[in-house]
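K.L.:
My questions will all concern the structure given below.
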């Protein structure tokens, strides 16, 4: 049995917004400075829960937005949609 290039390697471990498997290497990267204590807390949460740091941050942002007043939440969602149309795919 011959293996093709497409069949080699492991499958994507992450899912995109629609729930389909997706390679995170193609996603935009975010870099920002953080206090050492913040970085340690993020690492500790990821280890404790057995999740990636990306998942911890995504859940925290989702929860933060969910707790905003309805009008602010709608504004954030509208701004995020507009920002998404201006980004370029890698």
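The values are calculated or read from the model by the stated rules, or taken from the named source; none is laboratory data. Keep in mind that this is a model prediction, so the values were computed, not measured. Backbone-built Cβ (ideal geometry, glycine too); neighbour counts: all protein chains shown.
K.L.:
List pairs: first in the stretch 16-27 and on the phi < 0 side of the Ramachandran plot, second assigned to a strand (DSSP E or B) and modelled with pLDDT under 80, Cβ under 9 Å, 6+ apart or cross-chain?
P.N.:
From residues that are on the phi < 0 side of the Ramachandran plot, the pairs are 16/22; 21/14; 21/15; 22/14; 22/15; 23/14; 24/14; 27/14.
K.L.:
For the stretch 26-59, which positions are under 18 Å from residue 84 (Cα atoms) and outside any loop (DSSP other than H, G, I, E, B)?
P.N.:
26, 58
K.L.:
Also, I was wondering about something else. Yes or no: residue 75 under 22 Å from residue 14 (Cα atoms), modelled with pLDDT of 95 or more and surrounded by 10 or more Cβ atoms within 10 Å (Cβ to Cβ)?
P.N.:
The answer is no for residue 75.
K.L.:
For the stretch 61-72, name all the residues that are farther than 20 Å from residue 84 by Cα and surrounded by 11 or more Cβ atoms within 10 Å (Cβ to Cβ).
P.N.:
Scanning the stretch 61-72 gives a single hit, 68.
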